[in-house]
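The values are calculated or read from the model by the stated rules, or taken from the named source; none is laboratory data. As the structure is a prediction and not an experimental result, all values here were calculated from the model. Here the Cβ positions follow ideal geometry from the backbone for every residue, glycine too, while neighbour counts run over all protein chains shown. Side chains are part of the model used for accessible areas, which takes the heavy atoms of the whole protein and leaves out ligands, DNA and RNA. Shrake-Rupley method; radii C 1.70, N 1.55, O 1.52, S 1.80 Å.
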Protein chains: 2
Amino acid sequence: MPNTMTIVCIGAGNVATHLAQALYRAGYTILQIISRTEASAEALARTVNARWTNDPQKTEAADIYLYAVSDSALEEVIRKNPQTNGLHVHTAGSMSLLLFEGVKQRGGVLYPLQTFSKEKPVDFKQVPLFIEASTADDANILKQLGSDISNSVLDATSAQRRQLHLAAVFACNFTNHLFAIANDLLKESGLPFDVLHPLIRETVEKIATLSPREAQTGPAIRKDANVMEKHLLKLSDHPQWQEIYRLLSESIMKK
Amino acid sequence: MPNTMTIVCIGAGNVATHLAQALYRAGYTILQIISRTEASAEALARTVNARWTNDPQKTEAADIYLYAVSDSALEEVIRKNPQTNGLHVHTAGSMSLLLFEGVKQRGGVLYPLQTFSKEKPVDFKQVPLFIEASTADDANILKQLGSDISNSVLDATSAQRRQLHLAAVFACNFTNHLFAIANDLLKESGLPFDVLHPLIRETVEKIATLSPREAQTGPAIRKDANVMEKHLLKLSDHPQWQEIYRLLSESIMKK
């Protein structure tokens, strides 16, 4: 059965791009992309056969308004949307459902727990989607929409979603930054980053069968002061990395 | 051609276990396991058809002595080995080849860049092995031995190996600790850790095609002060995690 719901997407960044494209592929009609950044709006609109504008006043009537903008812009962007009909849905981990109260009649949240970069395709079927809505009817609409693009659609309260987002910052954003530091360290010694790939893959594979506490290895968990002192000395040209090393080692030793 | 080299393994921990078992599977004769921890020595010896002892004075004569002990114990353990014949090889990332000088006639290093837990099998063929030796002949012996158990055998000076080890602590040990924190955060909200698995897998898959700097996402790289303040507030019951959050976010923003 072809899906007849129409969607306006507010935002044209990493999340907006992957989400709009997944919905388009699933048969949804993306009416319009709205973004202050004209080039991004136009580029995304082209890939999902939609119109685009940088003027919120020109927002078209739709069944669903999907907000995928930075948290700091979200409130203002919702207010600037002149349309009050339809279901208004944001995608932010750390923002409450209550954001829509008194502004739009129907509000919901669809939070994709994934890291998105425009340049990297993602298998959206594997992305867990966390759903929240004010009414059971709207929750069902979001569950249907979610299951059209993902195999994993789950309920989460605003409080749970905030915690998911916080955990994701540790497990993904900070992890990636540690990879960046490791990359820079290897570069300094003329070593290519890809020698670390088997280690990084195994670090992740381990936690499929062991808990992260059981999987912990390295000088800190062994309380090997000898190695840690040498490492801190080697980092003396990078005081910030040295401090990260000290703090994370202390945190590992504490457990 | 069956391998006729004999090996004594000093140590019975995570690295010793995986390395001795890989060598045994490749046809090497493991003569003996030596470890202060009798139970570990006996358990490992059983899996590689070797004798075991907790008394270094009883070390048997062998072609290769493989030291896989903590860095802080390494020097003493080498000194306590009464055998001076054969090739003495340590497996420590942060220890120099010079450790053997004046103590044994022939020294070498075989550093496996991987995280090992006894409970988790590892495909040793995928483990990069970094080789160093005092003479070209001994380097060749270690390269042959290395390539019998791994597809990836590389040269590294002591300085490069130290840097590899330091980078590995960031990319693996610290990463795993971030997973542990994420796990604890989810538990507090009654959420299972496995909802993070697709995110963690994607975090790692991204760096196969993007550099870690290009792959960076999250509130810090977006300079989203709104989210970061909320997260810091949520972490106020965990001052150490709060400090980790603050420091890693600052480090991401700096780049």
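Quick one: Debye curve from the alpha-carbon atoms of chain B only, equal weights, vacuum; give me log10 I(q)/I(0) at q = 0.07, 0.08, 0.10, 0.16 Å⁻¹ to two decimals.
With one equal scatterer per Cα and no solvent, log10 I(q)/I(0) is -0.33, -0.42, -0.62, -1.12.
What number, in percent, do you get for the relative contact order of region B:162-254 if the mean sequence gap of Cα pairs under 8 Å and at least 6 apart is divided by its residue count?
The normalised contact order for region B:162-254 reaches 18 percent.
Can you put B:Met228, A:Met253 in order of accessible area, largest first, using a 1.4 Å probe?
In descending accessible area the options line up as A:Met253, B:Met228.
For region B:128-230, which trypsin sites (Lys or Arg not before Pro) pass both filters: DSSP loop (anything but H, G, I, E, B) and at most 11 other C-beta atoms within 10 Å?
Passing both the DSSP loop test and the Cβ count: no residue.
Could you give the longest part of chain A that holds none of the GluC sites (Glu not before Pro) found in DSSP loops with at most 16 neighbouring Cβ atoms within 10 Å?
A:120-255
Which whole number gives the average, over all residues in A:205-211, of C-beta atoms from other chains lying within 10 Å of the residue C-beta?
Neighbouring Cβ atoms belonging to other protein chains average 6 per residue here.
Which percent of the accessible heavy-atom area of chain B goes to carbon and sulfur, probe 1.4 angstrom?
Taking all protein chains in place, chain B shows 50 percent carbon and sulfur surface.
Using 7 Å Cα-to-Cβ label points, what is the A:Ser236/B:Arg36 separation (nm, one decimal)?
With each label point 7 Å from Cα toward Cβ, the separation is 3.0 nm.
Would you list A:Asp237, B:Asp194, B:Asp184 from the most to the least accessible area, probe 1.4 Å?
Sorted by accessible area, descending: A:Asp237, B:Asp194, B:Asp184.
Before rounding to the nearest 500, sum -39500 (n - 2.57) across all DSSP H runs of length at least 4 in chain A and divide by the residue total; then give [θ] at 222 nm in deg cm²/dmol.
Estimated from H runs of four or more residues: -13500 deg cm²/dmol.
So if I place +1 on the C-beta of Lys and Arg and -1 on the C-beta of Asp and Glu, and nothing else carries charge, what would the dipole magnitude of chain A be about its Cα centre? I want it in debye, nearest 20.
So the dipole magnitude of chain A works out to roughly 260 debye.
Report, to one decimal in Å, the Kirkwood hydrodynamic radius for the protein assembly as shown based on all distinct Cα pairs.
25.0 Å
So for region B:162-254, taking the charge dipole from beta-carbon charges (+1 Lys/Arg, -1 Asp/Glu), which of B:Cys172, B:Leu196, B:Gln216 sits furthest toward the positive end?
Of the candidates, B:Gln216 comes out farthest on the positive side.
Compute the signed sum of charges (Lys and Arg +1, Asp and Glu -1) over the other residues within less than 12 Å, Cβ to Cβ, of B:Thr203.
+2
Express the accessible area of region A:162-254 per residue in Å², computed with a 1.4 Å probe while the remaining protein chains stay in the model.
In whole numbers, region A:162-254 has 37 Å² accessible per residue.
Near the amide H of B:Leu87, under 5 Å away, which other amide H atoms are found, from residues 5 or more places off or on another chain, if H is placed in the peptide plane?
Close amide H contacts, sequence-distant or interchain: B:Ile64, B:Tyr65.
Where the centroid of each part is defined by its Cα atoms, how far is region B:35-106 from region A:61-84 in Å?
Result: 66 Å between the Cα centres.
Using the Cα centre of region B:6-156 as the reference point, and only Cβ charges (+1 on K/R, -1 on D/E), how large is the resulting charge dipole? Debye, rounded to the nearest 20.
Its charge dipole is roughly 320 debye.
If you take the accessible area of B alone plus A alone and subtract the pair, what total do you get in square angstrom, rounded to 100, with a 1.4 Å probe?
Rounded to the nearest hundred, the buried surface is 8900 Å².
Please count, across chain B, the pairs of lysine residues with Cα atoms under 24 Å apart that sit 8 or more places apart or on different chains.
So the count of such lysine pairs works out to 18.
In chain B, with Lys and Arg counted as +1 and Asp and Glu as -1 at Cβ, which of these residues, B:Gln21, B:Tyr65, B:Gln83, has the Cα nearest the positive end of the dipole, that is, farthest along it?
Sorting the options by dipole projection puts first B:Gln21.
Give me a single rounded figure for A:64-71: the average over its residues of other chain Cβ atoms within 10 Å of their Cβ.
So the per-residue partner count for this stretch is 2.
Given N residues in region A:6-156, what is Rg(Cα) / (2.2 N^0.38 Å)?
Relative to the 2.2 N^0.38 Å estimate, region A:6-156 comes out at 0.93.
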